[in-house]
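The values are calculated or read from the model by the stated rules, or taken from the named source; none is laboratory data. These numbers were taken from a predicted model, which means no experiment stands behind them. Don't worry about glycine lacking a Cβ; one is built from the backbone with ideal geometry, like all the others, and counts go over all protein chains shown.
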Amino acid sequence: MNKVTQAKIVDNKSLTDDIFLISLEIPEPIEAKPGQFCILRMNERLDPLLGRPFSIFDYEGNIINFLYRVKGKGTEILSKMDKDQNVLLTGPLGRWYPYPEKDFVVIAGGIGLASVYYLIKKFKNRAYFFCGVRSEKEILFYNEIKTFAKEVYISTESGTTGYRGVVTDLFKEKGLMLNLPVYACGPMVMLKELKRIVQGSSIPCYVAVEERMACGIGACLGCAIETREGLKRVCTDGPIFELKELML
Amino acid sequence: MTHSLEVQISSLRLRNPVITASGTFGYGLEYSQFIDLNLAGAITVKGLSLNPKQGNPPPRIYETPCGMINSIGLQNIGIDAFVVEKLPFLKKFDTKIIVNFFGENLDEYVEMALKLDATDGIHALEMNVSCPNKSSEWRKMGLEAELLKKAVKEVRAVTFKPLIVKLSPQVTDITVMAKICEDEGADAVSLINTIPAMVIDIKSRKSIIGTTTGGLSGPAIRPVAVRMVFEVSRAVKIPVIGMGGIVTADDALQFLIAGARAIAIGTANFINPHATLKVVEGIKKFLFEERITDINDLIGSFRD
């Protein structure tokens with residue numbers, strides 16, 4: 001019964017115009033696995049009312065990190081918080097990525113990196129990492145990932161660095177024939193395209209899904225999504241799903 | 001000096017007046033990993049029906065200023081699965097279990113009440129006549145006096161367990177509806193359910209909720225709820241269970257002073273799984289500071 005805890009901000013810095021990395025110190029170690037998430041509640045105020053779910057970006061010792069893009073009221077407030085302030089952390093929550101048995105492919109679109117970085121880091125030298133970003137300046141943690149991953153492939157929309165185009169095209173060209181399990185997180189259009197690409201193959205695809213969430217623990221049924229087996233909860237049945245289960 | 005928090009709702013004795021509101025606390029076990037359920041006054045589980053319900057299509061929730069809109073549509077596993085899969089776990093706890101229930105028609109309400117009455121480990125029934133997210137001919141049960149009268153009468157006739165009727169705020173005069181419940185033999189009324197509401201995405205010009213409208217809950221509706229609890233408490237003699245946007249003990253105390261015999265924590269459970277127990281602690285502290293030995297001395301103590 002210790003899943004709700006006060007966490008102290010040790011760092012909260014912007015990496016691009018709208019992407020931030022926040023590092024929180026928690027009083028006791030937790031068992032955080034790649035793909036899981038936490039809910040952060042920024043203060044005691046009632047507007048915004050709910051905490052916000054964030055993928056666990058990295059976790060080591062008593063420091064847990066979250067990579068986030070400022071998108072709305074909640075992340076705006078979070079981005080303005082300073083070192084030594086506290087947030088209320090609930091977690092870790094949800095299902096994690098099934099542990100890969102051997103080498104695997106990782107595909108991240110934009111801020112989707114937030115969900116897969118810890119996976120690449122945990123299973124060192126086993127990931128073929130495909131990273132798609134809008135522009136060069138959004139290529140984050142390149143040096144770190146370079147040391148953890150087996151191979152790194154980059155795509156940018158502008159083509160200034162790496163492959164010019166979308167990451168799913170790059171994967172189709174360089175990753176599909178590896179015939180390895182795929183772990184992916186990114187915008188819905190990326191997941192849709194990925195589903196199309198792997199259709200007919202036997203490649204298992206595990207993807208992280210996002211939905212508006214209230215409780216985060218399976219009680220409110222607010223974060224329901226359509227699957228082949230009917231409605232499922234992103235918070236507790238997910239956020240990791242097999243891609244073929246999803247109705248995209 | 002001791003400070004008693006015990007309250008009585010008909011034959012139901014609660015160790016404290018803090019209940020979890022239906023639909024916000026799952027089947028109880030979701031929260032048992034966070035809090036000691038033994039410390040709650042009672043637990044109201046998610047609304048149950050005869051058959052499992054898939055609920056409404058997503059998107060189902062949206063945050064609004066100091067509140068949220070939901071349109072879950074009473075998704076539930078059905079009474080039979082609840083009794084087999086969930087109730088044995090809940091029975092292990094030393095707290096009272098209230099089951100919120102509904103039907104597609106009056107016959108189903110009656111059948112549900114019969115089943116719940118016959119099931120050990122269920123201490124009270126909360127009849128949902130007011131869900132804004134369920135369309136059926138009986139949807140208007142909580143909105144129309146004649147339907148409500150008939151429904152409460154028939155359900156009352158088949159159960160000896162305490163019967164609570166959960167009222168909708170969507171009526172001209174909620175005291176009229178409460179009085180009907182009292183006259184037809186309900187043991188208590190609970191209020192308020194969510195308030196029908198909507199939010200429009202101005203770019204797509206569509207609703208942000210899958211079913212167009214949903215129910216507004218959270219602190220945004222609290223002053224409305226306090227007012228209605230106040231009015232109903234003066235209009236009926238049966239106990240009133242107050243709810244609507246309670247987050248803190250101070251919020252809960254307003255309801256108690258307004259006349260609520262017990263209160264329920266709803267949306268606040270989503271903000272912090274510890275909300276219910278924090279309210280219990282806060283009420284204890286208030287009684288101590290105000291030197292009130294029995295919470296019943298505080299209930300309905302509003303000064304005109």
Output for Cβ contacts, cut-off 8 Å, separation at least six or different chains, first residue at the interface with another protein chain (Cβ under 7 Å from one of its Cβ atoms) in the range A:212-231, second β-branched (Val, Ile, Thr) and part of a strand (DSSP E or B), reads A:Arg212/B:Ile61; A:Ala214/B:Ile61; A:Ile217/A:Thr90; A:Cys220/B:Ile61; A:Gly222/B:Ile61; A:Leu231/A:Ile225
Checked A:Ile154, A:Ile197 against criteria (touching a strand residue (DSSP E or B) at 6+ places or on another chain (Cβ under 6 Å), farther than 30 Å from B:Gly23 by Cβ and not in a loop (DSSP other than H, G, I, E, B)); the one match is A:Ile154
Report yes if some residue within the range A:163-184 is outside the structural domain of A:Arg126 (by TED's automatic domain parsing), at negative phi, surrounded by fewer than 19 Cβ atoms within 10 Å (Cβ to Cβ) and assigned to a helix (DSSP H, G or I); otherwise report no. no
Which residue, of B:Ile192, B:Ile221, B:Ile180, is buried (at least 22 other Cβ atoms within 10 Å of the Cβ), within 22 Å of B:Val152 (Cα to Cα) and in contact with a Gly (Cβ under 7 Å, 6 or more places away or on another chain)? B:Ile192
For the range A:136-153, how many residues are surrounded by 18 or more Cβ atoms within 10 Å (Cβ to Cβ) and either among the charged types (D, E, K, R) or farther than 20 Å from A:Arg69 by Cα (or both)? 5
Conditions (1) over 18 Å from the mean Cα position of the chain (by Cα); (2) surrounded by fewer than 19 Cβ atoms within 10 Å (Cβ to Cβ); (3) more than 14 Å from chain A (Cβ to nearest Cβ) -> B:Gln8 fails only (1)
Matching entry among B:Ile43, B:Ile35 (being in a loop (DSSP other than H, G, I, E, B), within 26 Å of B:Lys284 (Cα to Cα) and touching a helix residue (DSSP H, G or I) at 6+ places or on another chain (Cβ under 9 Å)): B:Ile35
All but one of (1) within 30 Å of B:Ile200 (Cα to Cα); (2) away from every other protein chain (no Cβ under 14 Å); (3) aromatic (Phe, Trp, Tyr) hold for B:Phe82; which doesn't? (1)
Which ranges mark the strands (runs of 3 or more DSSP E) fully within the range A:1-116 that have 1 or more residues being more than 23 Å from A:Glu210 (Cα to Cα), touching a strand residue (DSSP E or B) at 6+ places or on another chain (Cβ under 6 Å) and within 14 Å of chain B (Cβ to nearest Cβ)? A:4-14, A:86-93
